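Undergrad: Next up is a structure, given as structure tokens.
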Amino acid sequence: MKVAIAGAGNVGTYIAVDLKEAGHDVMVIEQNPDLVARLQGDVPVTWVVGDACEVTTLQEAGIAEIDVMVAVTGDDEDNLVISLLAKQEFAVPRVVARVNHPQNQWLFNESWGVDVSVSTPHLLTALVEEAVSVGSLVRLLQFQDARLVEVTLAEDSPAVGAAISGLGVPRDATIVAVVRDRHVIVPRGETAMLPGDEVLVLVTPEAEEKVKSLLVGAQRSS
């Protein structure tokens, strides 16, 4: 897989090394030549010195040939511009963008070319909620047209004792995993739900309330 990363800060360089070690073809675009000179000996990827917010830089870097664009600069405006250019000008199949300031999260959507946005504060909040919440729905990740949510089933959940095939899960939702006693269970139609099960569901925004009522219950959902 060909990946271009805009921004050679701590996040960008860590991602670059990680992806390179996983066998991917990685390019890092950074406008600070001194930073590039300092890092390129330790980070064995393709380096491009230039402003990723400029179309000419992206053209010279060959962005039209990559599979994933990752915008992880320390500036939200730059990350949005990079995402928009990657998607609209170069038709990059997948664009991932970092959100530096949580109040800007609402901007990072398909209108700006973003397929997946990552906001550290929101992710930390979700992980805290996931750790302490039983009987409530927690949003873990947001994608372009769907989100990954998690519910730890309470004793009084309407799903307890029911098989997945009998839950009536809407068509726009899929139970992707059940974690029980620290073991991942691949969900099947006959899989029965038990109290304490962590149920991971990929769901569209339109189907989320239905899934919530099935796994949490009407009283808790209201």
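Undergrad: Take the Cα atoms of region 133-221, find their three principal axes, and give me the spread along each one in whole Å, biggest first.
TA: Each principal axis gives a Cα extent; for region 133-221 these are 31, 29, 24 Å.
Undergrad: Mind telling me which of Asp76, Asp181, Asp197 comes out most flexible in a GNM of the chain, alpha-carbon contacts under 10 Å?
TA: Evaluated over the chain, the most mobile residue of the options is Asp181.
Undergrad: When the C-alpha atoms of the chain are aligned to their principal axes, what extent does each axis show, in angstrom, from largest down?
TA: Projected onto its principal axes, the Cα set of the chain covers 60, 32, 28 Å.
Undergrad: Per DSSP H run of at least 4 residues, take -39500 (n - 2.57); add these up for the chain, divide by its residues and hand me the 222 nm value, nearest 500 deg cm²/dmol.
TA: Result for the chain: -7500 deg cm²/dmol, rounded to the nearest 500.
Undergrad: With springs only between Cα atoms under 10 Å, which of Leu167, Leu200, Leu148 fluctuates most in a Gaussian network model of the chain?
TA: Ranking Leu167, Leu200, Leu148 by mean-square fluctuation puts Leu167 first.
Undergrad: Another one. How much net charge surrounds Ala173 when only other residues with a Cβ under 12 Å from its Cβ are counted (Lys, Arg +1; Asp, Glu -1)?
TA: 0
Undergrad: A further question follows. Under a straight-distance cross-link criterion of Cα-Cα below 28 Å, which lysines are reachable from Lys87, leaving out those fewer than 8 residues away in the same chain?
TA: Lys2, Lys20
Undergrad: Debye calculation, C-alpha points only, no solvent: report log10 I(q)/I(0) for region 2-118 at q = 0.11, 0.15, 0.20, 0.22 Å⁻¹, in the same order as the q values.
TA: Values returned for q = 0.11, 0.15, 0.20, 0.22 Å⁻¹ are -0.30, -0.57, -1.02, -1.24.
Read-outs throughout are calculated quantities, based only on the coordinates presented, and are distinct from any laboratory measurement. Being a predicted model, the structure only gives us computed values, none of them experimental. Note: ideal-geometry Cβ built from the backbone for every residue, glycine included; neighbour counts use all protein chains shown.
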